[in-house]
């Protein structure tokens, strides 16, 4: 490609609403162009990246035996009503009515449609396993679209769905996809982790997120530097403490803590470590009748150490809280604790509550909690002496760096990541809801065991940039760069030899199948270099008159601090050596 | 690809709602699967065809210097309001409101968005010309979707838009696209015609449709067998008659024609040629005030020969009718003609009307028309004697086979076609409406001269089938076949040599880059052949035990009546010879 024949449009300044570096740089580099909130044109430079991502994903999906099809963007509501998702999905699912008044959705995913295809097309166990995928436009009407392609409304996703005859086969299909995802992410040339994720009500361990590591990532990733262990923060287990509970040594004392409603404030006031304090989280569950009216409510008190964060996914697994819970109302709190939030604790309750205690709290002695009296906390609290031994002790918290790894291989570390892929074992959730069955080997109908596997095709470039950029712009990995090599002739309009050398090298690189762009726009060197550093083409060859006279051109990788002089005759071999093809 | 690893799903019967052969065959061959009215899944076999069409279009568009980008499926209404199309477009444009109550459309095309991009990105004449294109999902909420992919609601279109500094350059850009389209359609391997089409209010001759010739086509195509002349029926000019008007020879006579309201019935009753009769078309135009209320209406009488059809595009060019017209109401007809429709004519009017006469009617003598009296016609009508010489004589009719070609090269012929491409010079229609300008060489802002160029990516396979099929199924041209070659081993489970020979040949063809599928499903020969004939793979190699023992396999092109025996050692060379690569 010659730059004059392409659409190159760089900006000095990022738009005011671009909060993250990938959004800023993609906009400045002319890769995307905002059309509306969360809706972008993929400009020619950006589309090249998207197409390269697509091609890698497609190749590896095909290699893994998945079969490509496409399902419509606009889907009839009927199938979504079969699974109940037409009503259950919130306003992020875009609903439309056609001219005849029929309901449709703009697909946010395609579980319903693909299950409908399977129940019609896959009639016998002999046709299984099958994995069907599409690379298709999706839409989610985010309440607050932002961060450019990271949380857009219209986006492209690769979504694959596997259909198997039984759980064992489904798990094998899952593992095939997990392996394909590793190949895909390896090929992207990004630093990533496959982390265990929560698999929700389905249970089992067959859920992994593929996280591109970046300091700006939305997700916290937990890993063990000494082993393969990695999980997202929702999933990572905080092991039971290995040390026993110390003996009680302090008397129970009500201490004044005026205005100190947080554990941190109380610990500071009293001069004790934050780890000695305990926070009270008050939840409630409701029992409904058939009309959906609340007939009875139950208040729950969860105790966590002051320095720990509650993990909602773990809380949702507590027996009794696993059908849904909410935070308690102020009325309920006053009724049970006789005190406003900020000074709550498990002692001297007005009415009994269900107590759930985090593992770390269960091994504390002489701890501090709210006194259920405004402006007072209680210190020297001890299990078995001041209140009964806890009946329900569970892992309720997010792990923190330094916690022991669940695999026993050392201490956990935490880093940030951007989720760009997810593999997930679905079981029979959709096949049962849609009565999607096949004839099993025993001649009886059986529900498909399913899995689903997504990759955010248009999110991936943004994640790549969050990981790979500097103050001058983007630094693309070779595999997904819009162009692999840029040729920069210096003032070729003045030096015919420069123009000719550039054209010759351009033709040579094209003949080698190298994705090269020749900058023939006639820009001055400074502006030209700034453009390509912003755009992030990884390999640059600069051709100048002075160098040519010595038989030299300059090579510079986007990460190099300075250029390297290379004999003109060697530049092709040098480039081929640098390109990890 | 091995068939066992793919999704092959053929049907003996077409669905009841499949009215046309392409819809029937694509459904039976498992290429598409209906999800809702006019909404289809592209099943793996069908998607392969679509992807090949896309690839050819993309290659040739790139070769022609066009630059690919993608514009969103869901587009904010604001841009569509700038051109007025948000209100003007009928219910076929799907409108949505997001969770914040903002209006959006699902793109039927992208003139507005691409013009918005151009007015921001193309600031100087130095950046012109530019041609931007996308291959993207479109949606049109057809009132009555039908014919499968021929008139679906969701479809994929390649839409390109050129931006030029002036008309001369825009015309050059148009010609570049017209030439690229010829290359594209040549590569598809289809019989097609590029036909002149009407360019509407913009004028000029820069509008061509690319029509795939098929007896089942919706469009009538007019061409001259002796020359390059081709046009669609809306556009093709009916030349002025070369013969002069004969002298009047009959007296004006009112003849009873009870119940005969059509020219055909009248001609039959009176025993005269249909060409001697004249039909009266009564139209009306309205003059509106600023409130959009009708302040004055005008009734028009158009006279055409009884054997001719009115051409609305031509009528819309009659001075006075070019701002829109409608058929006259019964009230208006009674008021002006004193008679109900069926017996109308230009004589003895109650109130004057605007008369427009087709060229062929102007040279008639002794003609027959309605008498403006129920159950009566008038014969022996003659211009200049019974009514004034016609003041406004124009081409109002569709041409018919045998009419002289406008280029003087002989008589016109008519065939049917399916429109799958259109190149169109837009002028400044959109750039003016959206104030899209660039800085011209003289330093002043100028509006872009635009063109638009579409190809129906998902319609093309349907058109290809309408043109290429037989009673057994589809016959794909090599370039867009889902697979180019199918290998059919006969009962390989019984004959290891067959299995081995098939696998060897399969590996050889793959190594040559030939798109081959090996049918390893274990189907019996009859069912296997029927599947591949239905699916339409153009080249088949059958490998059987008996043949192998003689060192032979069988080759059969999908159009061949019988198979040809070929030495096993020669089959690769034979195939390569047959593949037009």
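Report yes if some residue within the stretch B:125-135 is in a helix (DSSP H, G or I), touching a strand residue (DSSP E or B) at 6+ places or on another chain (Cβ under 7 Å) and either under 25 Å from residue B:422 (Cβ atoms) or facing chain A (nearest Cβ under 10 Å) (or both); otherwise report no. No, that holds for no residue. Note on the stretch A:7-46: residues that are outside any strand (DSSP E or B), in contact with a strand residue (DSSP E or B) (Cβ under 6 Å, 6 or more places away or on another chain) and within 12 Å of another protein chain (Cβ to nearest Cβ) total 4.
Going through (1) surrounded by fewer than 17 Cβ atoms within 10 Å (Cβ to Cβ); (2) on the phi < 0 side of the Ramachandran plot one by one, residue A:383 falls short only on (1).
Among the residues of the stretch A:217-241, which ones are under 25 Å from residue A:393 (Cβ atoms) and assigned to a loop (DSSP other than H, G, I, E, B)?
If the condition is that a residue be under 25 Å from residue A:393 (Cβ atoms) and assigned to a loop (DSSP other than H, G, I, E, B), then A:224, A:229, A:233, A:234, A:235, A:236, A:237, A:238, A:239, A:240, A:241 are the ones that fit.
Screening A:72, A:91 for residues that are touching a helix residue (DSSP H, G or I) at 6+ places or on another chain (Cβ under 9 Å), within 13 Å of another protein chain (Cβ to nearest Cβ) and assigned to a loop (DSSP other than H, G, I, E, B) leaves exactly one candidate, A:72. Inspect all residues belonging to the stretch A:290-306 and state whether any of them is surrounded by fewer than 18 Cβ atoms within 10 Å (Cβ to Cβ), more than 19 Å from residue A:391 (Cα to Cα), touching a residue at least 40 places away in the same chain (Cβ under 8 Å) and in the same structural domain as residue A:363 (by TED's automatic domain parsing). There is no residue in the stretch A:290-306 that is surrounded by fewer than 18 Cβ atoms within 10 Å (Cβ to Cβ), more than 19 Å from residue A:391 (Cα to Cα), touching a residue at least 40 places away in the same chain (Cβ under 8 Å) and in the same structural domain as residue A:363 (by TED's automatic domain parsing).
Among the conditions (1) free of Cβ contacts under 8 Å to residues at least 24 places away in the same chain; (2) touching a helix residue (DSSP H, G or I) at 6+ places or on another chain (Cβ under 8 Å), the only one that residue A:450 does not satisfy is (1).
Inspection of the stretch A:525-537 identifies no residue that is surrounded by 13 or more Cβ atoms within 10 Å (Cβ to Cβ), assigned to a strand (DSSP E or B) and not assigned by TED's automatic domain parsing to the domain that holds residue A:52. Exactly one residue out of B:407, B:395 is in contact with a helix residue (DSSP H, G or I) (Cβ under 7 Å, 6 or more places away or on another chain) and surrounded by fewer than 21 Cβ atoms within 10 Å (Cβ to Cβ): that is B:395.
Tally the residues that are within 30 Å of residue A:136 (Cβ to Cβ) and buried (at least 19 other Cβ atoms within 10 Å of the Cβ), restricting the search to the stretch B:155-183. Talk me through it step by step, then tell me what you get.
Filtering the stretch B:155-183 for residues within 30 Å of residue A:136 (Cβ to Cβ) gives B:155-163, B:177, B:180-181, B:183.
Add one more test, that the residue is buried (at least 19 other Cβ atoms within 10 Å of the Cβ), and what stays is B:155-163, B:177, B:180-181.
Result for the stretch B:155-183: 12.
On the given criteria, is residue B:174 touching a helix residue (DSSP H, G or I) at 6+ places or on another chain (Cβ under 7 Å) and in the same structural domain as residue B:85 (by TED's automatic domain parsing)? Judged against the criteria, residue B:174 is not a match.
Among the residues of the stretch A:523-548, how many are touching a residue at least 40 places away in the same chain (Cβ under 8 Å) and either in contact with a helix residue (DSSP H, G or I) (Cβ under 7 Å, 6 or more places away or on another chain) or over 15 Å from residue A:504 (Cα atoms) (or both)?
First, the residues of the stretch A:523-548 that are touching a residue at least 40 places away in the same chain (Cβ under 8 Å): A:528-545, A:548.
This time we only want the ones that are either in contact with a helix residue (DSSP H, G or I) (Cβ under 7 Å, 6 or more places away or on another chain) or over 15 Å from residue A:504 (Cα atoms) (or both), so: A:528-541, A:543-545, A:548.
The total comes to 18.
Those helices (runs of 4 or more DSSP H) of the stretch B:242-347 in which at least 3 residues are over 18 Å from residue B:359 (Cα atoms) and out of contact with any helix residue (DSSP H, G or I) (no Cβ under 7 Å at 6 or more places or on another chain), considering only elements entirely within it, cover B:263-270, B:330-337. Considering the stretch B:550-561, and only residues there that are out of contact with any strand residue (DSSP E or B) (no Cβ under 7 Å at 6 or more places or on another chain) and free of Cβ contacts under 8 Å to residues at least 40 places away in the same chain, the residue that is nearest to residue B:482 (Cα to Cα) turns out to be B:560. Considered as a group, the residues in the stretch B:96-114 that are surrounded by fewer than 21 Cβ atoms within 10 Å (Cβ to Cβ) and closer than 20 Å to residue B:68 by Cα include one that is nearest to the other protein chains (Cβ to nearest Cβ), and that residue is B:108. Of the residues in the stretch B:327-347, not one is closer than 30 Å to residue B:212 by Cβ and either more than 32 Å from the chain's Cα centre (by Cα) or not assigned by TED's automatic domain parsing to the domain that holds residue B:231 (or both).
Within the stretch A:148-179, the set of residues being within 14 Å of another protein chain (Cβ to nearest Cβ), in a helix (DSSP H, G or I) and at pLDDT 95 or above comprises A:173, A:176.
Scanning the stretch B:456-510 for residues that are crowded, with 18+ Cβ neighbours inside 10 Å, out of contact with any strand residue (DSSP E or B) (no Cβ under 7 Å at 6 or more places or on another chain) and farther than 30 Å from residue B:423 by Cα returns B:473, B:492, B:495. What do you reckon, is residue A:145 free of Cβ contacts under 8 Å to residues at least 60 places away in the same chain and either closer than 26 Å to residue A:53 by Cα or more than 10 Å from chain B (Cβ to nearest Cβ) (or both)? Judged against the criteria, residue A:145 is not a match.
Tally the residues that are within 8 Å of another protein chain (Cβ to nearest Cβ) and out of contact with any strand residue (DSSP E or B) (no Cβ under 6 Å at 6 or more places or on another chain), restricting the search to the stretch B:52-67. Walk me through it before giving the result.
Here is the first cut: in the stretch B:52-67, the residues within 8 Å of another protein chain (Cβ to nearest Cβ) are B:65, B:67.
Now drop any that are not out of contact with any strand residue (DSSP E or B) (no Cβ under 6 Å at 6 or more places or on another chain), which leaves B:65.
Count: 1.
Would you mind stating whether residue A:186 is more than 14 Å from chain B (Cβ to nearest Cβ), part of a helix (DSSP H, G or I) and surrounded by fewer than 21 Cβ atoms within 10 Å (Cβ to Cβ)? Considered against the rule, which asks whether it is more than 14 Å from chain B (Cβ to nearest Cβ), part of a helix (DSSP H, G or I) and surrounded by fewer than 21 Cβ atoms within 10 Å (Cβ to Cβ), residue A:186 comes out as yes.
Of the numbered criteria (1) surrounded by fewer than 16 Cβ atoms within 10 Å (Cβ to Cβ); (2) at negative phi, the one residue A:198 fails is (1).
With respect to the conditions (1) away from chain A (no Cβ under 13 Å); (2) crowded, with 17+ Cβ neighbours inside 10 Å; (3) more than 19 Å from residue B:161 (Cβ to Cβ), residue B:85 falls short on a single one, namely (3).
The values are calculated or read from the model by the stated rules, or taken from the named source; none is laboratory data. Note that this is a predicted model, so its numbers are computed, not measured. With ideal geometry, Cβ positions are generated from the backbone for all residues, glycine too; neighbour counts draw on all protein chains shown.
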